[in-house]
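The values are calculated or read from the model by the stated rules, or taken from the named source; none is laboratory data. It should be emphasised that the depicted structure is a prediction, and the values quoted were computed from it without experimental measurement. Neighbour counts are summed over all protein chains in view; Cβ atoms, including those assigned to glycine, are modelled from backbone coordinates with ideal geometry.
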Amino acid sequence: MLHCPACNSTDVWAVTGGYTGCVYQCKRCGYRGALVVEYDEEEDEEQGSR
């Protein structure tokens, strides 16, 4: 699951892609860039149970 590096929202989608890589945009805060944080859903569940 992709997360915004600025606000940690999961409302992130790829705006462009191709030879230069993907550019993502956050619907919540408007962040736009190539850097996003990716978590596995299993890791999220494990952290919540600790």
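A few notes on this one:
- Filtered by the rule that a residue be closer than 19 Å to Glu41 by Cβ and exposed (fewer than 12 other Cβ atoms within 10 Å of the Cβ), segment 9-30 gives a lone residue, Trp13.
- Taking the criterion of being free of Cβ contacts under 8 Å to residues at least 24 places away in the same chain and farther than 10 Å from Cys29 by Cβ, the residues of segment 1-19 that qualify are Thr10, Trp13, Ala14, Val15, Thr16, Gly17, Gly18, Tyr19.
- If the condition is being modelled with pLDDT under 95 and either among the acidic types (Asp, Glu) or touching a helix residue (DSSP H, G or I) at 6+ places or on another chain (Cβ under 7 Å) (or both), then segment 1-31 contributes only Met1.
- Residues that are in contact with a Lys or Arg (Cβ under 9 Å, 6 or more places away or on another chain), surrounded by 12 or more Cβ atoms within 10 Å (Cβ to Cβ), modelled with pLDDT of 95 or more and not in a strand (DSSP E or B) are absent from segment 32-41 altogether.
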